[in-house]
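**Q** Have a look at this one.
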């Protein structure tokens, strides 16, 4: 879409766009270019000499068991966060949509975790799940579960998944509720007159009509689990115990800042960029298509 | 309502109430913990009703910072840092996005498409995937431990630029033509027509970006090393870094409450705008 009415100026548009461009070049393109360039280099431990090694860093990376393990952890983590987050919020949104008049009240009561910083969410759950102090850990131990996320990798993974899902429920809920409320009531009434019960109506009418929202949220949640959960991992477990909760983003940070394995950290950055670019393209493709409807 | 099914409605309410309770549980426990004395928190299980140390704990963290075992700046200072960075990030993002969206929509100039794509690509490059090189750039510019370092690298925003672009495209062409006939230049048109018309989008975006800025984690973690520059979110993380025995959970939890309060209040007080803004911005 283009504007008919335009202004003419030789220099003004450049001046207007300059601040955005300057920040983008210095803090986005320069570092991203650096990451790509450095991922093809090997630096010695003292940073004195560097050597160009083509794709050796990447080859090493995909031969490295720890990195492959981190891929697996990320896959499990993202799957759980996206599936649990979406299904719980969809369930709650469907119920809230049913009780029309009270929907706003429930919306108010469910919306605020959106405002909680992921790192703070992690610390709240860390406290609840703390094996000696935590109230939830106490209940679990009461049920005979030897709960200890500080030593048991599976327990740690459950803890970060719970924190990440908790934080994301409000966002998903808001979008699902908005999507549900925009479905024409006449369709549902027609199905009800034809004798379809609530479950049948959900499966055959509501869920298919909701699929654009669901797909959008699926991509957003996967990106969230890949990238934004860094804060949750760092604050709650630091990737541990062992490597049990070390997702890819966290490993970039750990190898770069703690392990000082620079070449590998740069190569990992590039791999993450590729994954993220793919996800964003998928997301925008879909948005573009939806605009035409 | 389509049909009357009292039992189903009852169960809907029941499950929603349980859902709300589970969502609220962590914050309730945090609130209770923040009102207890340190030895009360360490009991297992800890009490589930608020204690009598509420005001004492909050005054202590606000003025002195947490705990005798780990030194941190007073939480009052951290909240000030969070406020400054959230405001600069929100206002900065809105300002530069308004300007660049205006340039892209109302002018035709060489490299326009290139500029648009460069802004688009930043969507795919969050700090998390280019941690080390970005840190290096900022440290080479001597911006570590400064407010500029905390905020400027986060100010470029593809989302805000797209939102404004989308909105500017809906402004009738007649307005710009009329302004031109009346002899108004582009900047006059920008200030007197475009900005006032964009006010609702600006307000909604401000809320979302303020929360985004307040809740930043990775970036302030990297660029702040001095205690006096910690933001609240980073401060809390540093408080628990001393290990199990050194952590005074009642004070940590009081800090967590203080860190959650401003953005949560903002969301609840402006709920209508906020929800509309969120759903419109992201879709």
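**Q** Report whether or not residue A:268 is modelled with pLDDT of 85 or more and either away from chain B (no Cβ under 11 Å) or within 16 Å of residue B:128 (Cβ to Cβ) (or both). Lay out the reasoning, then the answer.
**A** Details: modelled with pLDDT of 85 or more: yes; either away from chain B (no Cβ under 11 Å) or within 16 Å of residue B:128 (Cβ to Cβ) (or both): yes.
Taking the combined requirement at face value, the residue satisfies it.
**Q** So, one more: Of the conditions (1) surrounded by fewer than 21 Cβ atoms within 10 Å (Cβ to Cβ); (2) modelled with pLDDT of 90 or more, residue A:71 fails just one. Which one is it?
**A** All conditions pass for residue A:71, except number (2).
**Q** Of these, A:126, A:25, A:90, A:80, which one is more than 29 Å from residue B:234 (Cβ to Cβ), more than 7 Å from every other protein chain (Cβ to nearest Cβ) and assigned to a helix (DSSP H, G or I)? Even if it seems obvious, please write down each step before you answer.
**A** Working: A:126 fails: more than 29 Å from residue B:234 (Cβ to Cβ); A:25 fails: more than 29 Å from residue B:234 (Cβ to Cβ); A:80 fails: more than 29 Å from residue B:234 (Cβ to Cβ).
Every option except A:90 fails the conditions.
**Q** Out of the helices (runs of 4 or more DSSP H) lying entirely within the range B:177-283, which hold 2 or more residues that are farther than 20 Å from residue A:232 by Cβ, away from chain A (no Cβ under 11 Å) and in contact (Cβ under 8 Å) with a residue 24 or more places away in the chain?
**A** Values: elements: B:186-189, B:199-214, B:218-223, B:232-239, B:249-269, B:271-282.
The helices (runs of 4 or more DSSP H) meeting that bar are B:199-214, B:249-269, B:271-282.
**Q** Regarding the range B:46-61, can at least one residue be identified that is surrounded by 15 or more Cβ atoms within 10 Å (Cβ to Cβ) and within 10 Å of another protein chain (Cβ to nearest Cβ)?
**A** yes
**Q** Could you tell me which of the residues A:115, A:119 is closer than 27 Å to residue A:253 by Cβ, free of Cβ contacts under 8 Å to residues at least 12 places away in the same chain, within 8 Å of chain B (Cβ to nearest Cβ) and under 23 Å from the mean Cα position of the chain (by Cα)?
**A** Values: A:119 fails: free of Cβ contacts under 8 Å to residues at least 12 places away in the same chain.
Criteria check complete, one pass: A:115.
**Q** Continuing with this model, one more query. Could you tell me which of the residues A:217, A:187, A:210, A:177 is surrounded by 19 or more Cβ atoms within 10 Å (Cβ to Cβ) and more than 30 Å from residue A:120 (Cβ to Cβ)?
**A** On the way: A:217 fails: more than 30 Å from residue A:120 (Cβ to Cβ); A:187 fails: surrounded by 19 or more Cβ atoms within 10 Å (Cβ to Cβ); A:177 fails: more than 30 Å from residue A:120 (Cβ to Cβ).
Only one candidate passes the filter, namely A:210.
**Q** Residue B:151 - would you say it is facing chain A (nearest Cβ under 10 Å), in contact (Cβ under 8 Å) with a residue 60 or more places away in the chain and under 30 Å from residue B:223 (Cβ atoms)? Before the answer, list the steps.
**A** On the way: facing chain A (nearest Cβ under 10 Å): no; in contact (Cβ under 8 Å) with a residue 60 or more places away in the chain: yes; under 30 Å from residue B:223 (Cβ atoms): yes.
Criteria not met by residue B:151.
**Q** Of everything in the range B:73-90, what is assigned to a helix (DSSP H, G or I) and either crowded, with 18+ Cβ neighbours inside 10 Å or in contact with a strand residue (DSSP E or B) (Cβ under 9 Å, 6 or more places away or on another chain) (or both)? Give them in sequence order.
**A** Residues of the range B:73-90 that are assigned to a helix (DSSP H, G or I), as a first pass: B:75-90.
Hits for the range B:73-90 are B:75, B:77, B:78, B:79, B:81, B:82, B:85, B:86, B:88, B:89, B:90.
**Q** A further question on this structure: Outside any helix (DSSP H, G or I), under 30 Å from residue B:256 (Cβ atoms) and within 14 Å of chain B (Cβ to nearest Cβ), is that true of residue A:147? Quick ask: steps written out before the conclusion?
**A** Values: outside any helix (DSSP H, G or I): yes; under 30 Å from residue B:256 (Cβ atoms): yes; within 14 Å of chain B (Cβ to nearest Cβ): yes.
Considered against the rule, which asks whether it is outside any helix (DSSP H, G or I), under 30 Å from residue B:256 (Cβ atoms) and within 14 Å of chain B (Cβ to nearest Cβ), residue A:147 comes out as yes.
**Q** Here is a further query. Going by the structure shown, is residue A:235 within 10 Å of chain B (Cβ to nearest Cβ), surrounded by 17 or more Cβ atoms within 10 Å (Cβ to Cβ), part of a helix (DSSP H, G or I) and more than 21 Å from the chain's Cα centre (by Cα)? It would help to see each step written out before you state the result.
**A** Working: within 10 Å of chain B (Cβ to nearest Cβ): yes; surrounded by 17 or more Cβ atoms within 10 Å (Cβ to Cβ): yes; part of a helix (DSSP H, G or I): yes; more than 21 Å from the chain's Cα centre (by Cα): no.
The answer is no for residue A:235.
**Q** At the interface with chain A (Cβ under 8 Å from one of its Cβ atoms) and surrounded by 14 or more Cβ atoms within 10 Å (Cβ to Cβ): is that true of residue B:165 in this structure? Quick ask: steps written out before the conclusion?
**A** On the way: at the interface with chain A (Cβ under 8 Å from one of its Cβ atoms): no; surrounded by 14 or more Cβ atoms within 10 Å (Cβ to Cβ): yes.
In short, no.
**Q** Going residue by residue through the range A:41-61, is there one that turns out to be at pLDDT 80 or above and either at the interface with chain B (Cβ under 9 Å from one of its Cβ atoms) or touching a strand residue (DSSP E or B) at 6+ places or on another chain (Cβ under 8 Å) (or both)?
**A** Checked against the condition, which is being at pLDDT 80 or above and either at the interface with chain B (Cβ under 9 Å from one of its Cβ atoms) or touching a strand residue (DSSP E or B) at 6+ places or on another chain (Cβ under 8 Å) (or both), the range A:41-61 yields no hits at all.
**Q** Restricted to the range A:188-206, and to residues that are more than 9 Å from chain B (Cβ to nearest Cβ) and in contact with a helix residue (DSSP H, G or I) (Cβ under 8 Å, 6 or more places away or on another chain), which residue is farthest from residue A:172 (Cα to Cα)?
**A** Checked the range A:188-206; the qualifying residue farthest from residue A:172 (Cα to Cα) is A:196.
The values are calculated or read from the model by the stated rules, or taken from the named source; none is laboratory data. In this text, all values refer to a predicted model and were calculated from it rather than measured experimentally. All Cβ positions, even for glycine, are placed from backbone atoms using ideal geometry, and neighbour counts span all protein chains on display.
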